[in-house]
Amino acid sequence: MKLRILLVILGLLNLTIGFANETDLKCQEKAVECFEKAILYEENPKIFNPSKARKLYLQSCNSNYAKACYNLGAIYAIGEYIEQDFNKSKFFYTKACNLKGSILGCAGVGLLYEQGNGVKQDYKQAIQYYEKACDINESMGCNQLGIIYKFDDYQKENYPKALKYLEKSCNLNNAMGCSNLAHMYIKGLGVKKNILKSKKFYLRSCNLNGSLGCFGIGIMYFKGEAVEKNILKARQFFKKSCKLGSKKGCSIFNHLRVK
């Protein structure tokens, strides 16, 4: 399941509001089915109903379906259509993290500790959760570890560890992991500067719909680094970066628009 569906914001109703008994029973017996129905209420504009989606996620989570618990953690962490509540976010992330066979949630808890949201900021705890996440191939955990070891106020930079975790994150198809890895190579952080490798990882990030990766490739075509200078291609990558949410990508794309 694509990560984007894990961060869509759901309803406004109180957690205590339940379904009819028949729906409750179905969710207890078919947690996956309830999870998939919730996604339909999120993504299908014809039946869009974040309240129903959230309730279905809750029923699915109560039946120990990790993806549903993770989604609820994301809902309360972001708080777009519901009041932001980091305590509830931590509860659902932690439940997802602790469910047997789950690779979800641990990185979410780590992020709360790293940023001090709903808990006292604690980098040691954050690293422990990120390591747990990365050990079970949760790409976000690997990326966050790479960032911490790359440049963080908590401790001295450790570029070999940063490379190790960012490489794993990128190999797990995490767009941010790939763009962060590209930055290591273009700046020569812990490795010999290698523009070609940087291009490779920026392009991979962009193909995974990472705005930073598209922006990085755009800069390369704009400057003629590792590729022949090509303003038209640069504009194409800046445009994609913009569509993926990069303000810098939008700014440069608009500046380069044909008059």
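Each reported figure results from applying straightforward, stated rules to the coordinates on display, with no laboratory input. Note that the structure is predicted; figures quoted are calculated from it, not measured. All Cβ positions, glycine included, derive from the backbone under ideal geometry; neighbour counts span all protein chains shown.
Modelled this way, with points 7 Å down the Cα-to-C-beta line, the labels at E157 and D135 are 2.9 nm from one another. Each of N98, A38, Y130 was placed along the dipole of the chain (beta-carbon charges, centred on the mean Cα), and the one lying farthest toward the positive end is Y130.
Taken about its Cα centre, the chain carries a charge dipole of about 1380 debye when Lys and Arg each add +1 at the Cβ and Asp and Glu each add -1 at the Cβ. Which residue, L196, L104, L112, has the most motion in a Gaussian network model of the chain that connects Cα atoms within less than 10 Å? Of L196, L104, L112, the Gaussian network model singles out L196 as fluctuating most.
Which entries of K46/K88; K156/K240; K95/K192; K95/K247 have Cα-Cα distances beyond 32 Å here?
Long pairs (Cα-Cα over 32 Å): K156/K240; K95/K192; K95/K247.
Given springs between every Cα pair under 10 Å in a Gaussian network model of the chain, which of K55, K100, K197 has the largest fluctuation? Largest GNM mean-square fluctuation: K100.
Provide, as a two-decimal number, the C-alpha radius of gyration of the range 47-119 over 2.2 N^0.38 Å, N being how many residues it has.
After normalising by residue count via 2.2 N^0.38 Å, the value is 1.05.
Spin-label point model (7 Å from Cα, Cβ direction): what's the R257 to E225 distance in nm? Inter-label distance under the simple model: 2.7 nm. Here the relative contact order of the chain, from alpha carbon pairs under 8 Å that lie six or more residues apart, stands at 9 percent. Here r is the Cβ-Cβ distance between C250 and N173 and R0 is 22 Å; the resulting FRET efficiency, rounded to 0.05, is 0.30. Largest mean-square fluctuation among G188, G249, G73, in a Gaussian network model of the chain whose springs join Cα atoms under 10 Å apart, belongs to G188. Shape class of the range 209-259 from the Cα gyration tensor (axes a ≥ b ≥ c, square roots of the eigenvalues): oblate, since a/c reaches 1.5 or more and a/b does not exceed b/c.
When restricted to Cα atoms, the range 111-232 yields an Rg and a Dmax of 15.2, 50 Å, respectively.
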